[in-house]
Amino acid sequence: MEDSALFGSCLCGSVRYEITAPLENAEYCHCSMCRKAHGAAFSANSTVPTNKLTISSGADFISEYESSPKRRKCFCSNCGSQLFIRRLDKPESTVVTLGTLDGDPHARPERHVFVASKAPWYGIADALPQFKIYPGCEPTDDASSV
Ligand SMILES: [Zn+2]
Ligand SMILES: [Zn+2]
């Protein structure tokens, strides 16, 4: 909905962005790249159409790291906040980290993904669906959620 813009920023405030579309596929990602990048048990992400994401200020501060082939984690070079994931093979959508949003995005994470890579010291305590890898990419011997 165009009338409900969302705003976000990095920790130091150098990078600010605006989203003019509902968030899609809100989820918790337990993959090792997210854990390392965020220094946390998991990341909380969502997807938006790239053309609905505007960098309002600080674009020059954004650095990119190719965490896996064709996936680049975009972060603030001044404070280190993980902001976006650009998918070179799917440039029409961009992953946005929920933690850098200001205010309530209304979307709520609806699943855990890459649970097979979950930190051993963290136990998932909610009832959301869990996927060993990702919906549509589950191991064939266990096609449903775990
Ligand atoms: Zn920053
Ligand atoms: Zn991840």
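Worth a mention:
- Accessible area expressed per residue, the chain, with surrounding protein chains retained (probe 1.4 Å, Å²): 54
- Our estimate of slack between residue 138 and residue 68, defined as 0.36 nm per intervening residue step minus the Cα-Cα distance, is 23.3 nm.
- Dividing the mean sequence gap of close Cα pairs (under 8 Å, 6+ apart) by how many residues the chain holds gives a relative contact order of 25 percent.
- Separation of the residue 40 and residue 57 label points, Cα + 7 Å toward Cβ, nm: 2.4
- Estimated purely from DSSP H runs of n ≥ 4, each contributing -39500 (n - 2.57), the mean residue ellipticity at 222 nm for the chain is -1000 deg cm²/dmol once divided by its residues.
- Distance between the pseudo-spin-label points of residue 106 and residue 25 (7 Å out from Cα toward the beta carbon): 2.1 nm.
- Converting the Cα gyration tensor eigenvalues of the stretch 28-146 into ellipsoid dimensions via √(5λ) gives semi-axes, longest first, of 25, 16, 15 Å.
- Around the amide H of residue 44, modelled in the peptide plane, lie the amide H atoms of 29, 98, 99, all under 5 Å away and 5 or more residues distant in sequence or on another chain.
- Charged side chains reduced to their Cβ positions (Lys and Arg at +1, Asp and Glu at -1) give the chain a dipole of some 500 debye around its Cα centre.
The values are calculated or read from the model by the stated rules, or taken from the named source; none is laboratory data. Note that the structure is predicted; figures quoted are calculated from it, not measured. Backbone-built Cβ (ideal geometry, glycine too); neighbour counts: all protein chains shown. To get the accessible areas, we keep the full protein, side chains included, count just its heavy atoms, and leave off ligands, DNA and RNA. Shrake-Rupley method; radii C 1.70, N 1.55, O 1.52, S 1.80 Å.
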